[in-house]
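Here is the structure we will look at.
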Amino acid sequence: MKNLKLDPNKIQHELIDLEKKLQDSYKTLQKIPEIDVAQSKGKEIFSQDKLKLLYFPGNNKAIKRCTTPLLITYALVNRWYMIDLQPDKSLLKALNELGLDIYIIDWGYPGPEDRFTDLDDYINEYINNCVNQVCKHAQVKKTNILGICQGGTLSLCYAAIHGEKIKNLITMVTPVDFQTKTNLLSLLARSVDVDLAVSTYGNIPGEMLNDSYNSLMPMRLGIQKNLGMPNQLDTTDSALNFLRMEKWIYDSPDQAGEAFREFIKWFFQENRLIKNQLSIGEYSVRLANITQPVLNIYGTYDHLVPPEASTALGKYVGSDDYQEAEINAGHIGVFVSGKSQAIVPEKINSWLLDRD
């Protein structure tokens, strides 16, 4: 501290510059009428309770099209439109343009009446009903599934139970081993008194979960992001890029209490999935029962699902056709970074075409 020298003139100039940036940011925000997300036009073909099944037809002029549709299962804790955030950062749009017919499960927003909805409901009823509807709508006997994050874990459970309805399985940033040493989210979840949380709140508030995620990287996701915000709001385009992501981050549904309790206990705290100790409803879940081709996509710098938590799948899955694709990005960058946009859609499409 003795060697710390402050230049009053430099400080004054920096404060003046910051004030100007804040004023310019305010002017930019005034020009934005709304924050548009999920811009691809889909059709609702099925609904059940809060769930909607959306259909996005692929480009029928693509040179070569996959004849089997792709059902995308997103996590329960966030909204699906991360894969359709904006036109130049849309995994959905890119896959459609390659000719893939896409179906997406929109889980909706659980209310107090969903307090006792459990994983059996989500996997053996909701996902199963969506698979049936996809096959009926597309007039096929089997569908491909792409599971993302927690949705990938649910898809693994579904494929292990109802594998006869799945042709190919893709997982993205999906946790499999929930107790790897570098998994900060796991360390946090394993210290939670989930019974107390559910008995206190009923459904777990989405806002509380957001605070938990932010606490894993408080400098980067808090102070640094806020200090850099004026630069992000410099122009309308850059402001929309920033605000669309912020909208997605904080558009977090509450979690059905019983399903949340089961997921935290059975997966994070007891790691049952890889121990062959997991049962969902009346079914035993054994990853060795998954014999379909599997493509596992993960992020090199993923702080929520570290690579080793995802690549563990290769040791337990029963498929003779198991592949991994490492993307040099973080948990969200796998979907929205420029490099990922150039790699991931083509990888998914070509892998499916080879097994169509």
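Throughout, read-outs are computed from the coordinates displayed, never taken from laboratory work. If you're wondering where the values come from, they're calculated on a predicted model, not measured in any experiment. A quick note on method: Cβ atoms are made from the backbone with ideal geometry, for glycine too, and the neighbour counts reach across all protein chains shown.
Over 32 Å between Cα atoms, which of Lys93/Lys275; Lys43/Lys165; Lys21/Lys181; Lys21/Lys89; Lys21/Lys50; Lys247/Lys315 qualify? It would help to have the intermediate numbers written out before the result.
Numbers: Lys93/Lys275 38 Å; Lys43/Lys165 23 Å; Lys21/Lys181 42 Å; Lys21/Lys89 26 Å; Lys21/Lys50 42 Å; Lys247/Lys315 37 Å.
From Lys93/Lys275; Lys43/Lys165; Lys21/Lys181; Lys21/Lys89; Lys21/Lys50; Lys247/Lys315, over 32 Å: Lys93/Lys275; Lys21/Lys181; Lys21/Lys50; Lys247/Lys315.
Among Lys93, Lys20, Lys50, the largest mean-square fluctuation in a Gaussian network model of the chain, built with springs joining Cα atoms closer than 10 Å, belongs to Lys20. Assuming 1.002 mPa s and 20 °C, estimate D for the range 199-249 with Stokes-Einstein, Rh taken as the Kirkwood radius over Cα pairs, in µm²/s. Calculated translational D: 170 µm²/s. Can you tell me how the range 312-355 classifies by the Cα gyration tensor, rounded, prolate or oblate, using a/c under 1.5 as the rounded cut? Oblate, since a/c reaches 1.5 and b/c is not below a/b. Labels on offer are (i) 72, 52, 39; (ii) 70, 51, 35; (iii) 87, 49, 41, and the one holding Cα extents along the principal axes in Å computed from this structure is (i).
Please say if the range 40-184 is rounded, prolate or oblate, where rounded means a/c under 1.5 for a ≥ b ≥ c the square roots of the C-alpha gyration tensor eigenvalues, and otherwise the choice is prolate for a/b larger than b/c and oblate otherwise? It would help to have the intermediate numbers written out before the result.
Details: a/c = 1.43, a/b = 1.31, b/c = 1.09.
Rounded, since a/c falls under 1.5.
For the chain, give the share of DSSP beta bridges that are antiparallel, in percent and rounded to the nearest 5; count only bridges with both residues there. Mind showing how you got there, number by number?
On the way: 15 of 38 bridges.
About 40 percent, rounded to the nearest 5.
For Ile297, the residues 5 or more places off, or on other chains, whose built amide H falls under 5 Å of its own are Thr171, Met172, Val173, Ala325.
For the chain, a crude dipole built from +1 on the beta carbon of Lys and Arg and -1 on the beta carbon of Asp and Glu, taken about the Cα centre, is about 760 debye to the nearest 20.
Residues whose amide H lies under 5 Å from that of Gln255, counting only those 5 or more places away or on a different chain, are Ile204, Gly206; hydrogens are built 1.01 Å from N in the peptide plane. In the chain, the longest principal axis of the Cα atoms and the axis of helix 150-161 are about 10 degrees apart.
Positive end of the dipole of the chain (Cβ unit charges, origin at the Cα centre): among Tyr126, Tyr301, Pro112, the Cα lying farthest that way belongs to Tyr301. Could you work out which residue, out of Leu233, Leu304, Leu119, moves most in a Gaussian network model of the chain, that is, has the largest mean-square fluctuation with Cα springs under 10 Å? Greatest mean-square fluctuation among the candidates belongs to Leu233. Against the main long axis of the alpha-carbon atoms of the chain, helix 206-215 sits at an angle near 60°. If the chain linking Glu97 and Ser191 were pulled fully straight, counting 0.36 nm for each residue of separation and taking away their Cα-Cα distance, it would gain 29.4 nm.
Please work out whether the range 207-338 counts as rounded, prolate or oblate from its C-alpha gyration tensor, where a ≥ b ≥ c are the square roots of the eigenvalues and a/c under 1.5 means rounded, while otherwise a/b larger than b/c means prolate and anything else oblate? Mind dumping the intermediate values first?
On the way: a/c = 2.68, a/b = 1.69, b/c = 1.58.
It comes out prolate by the Cα gyration axes.
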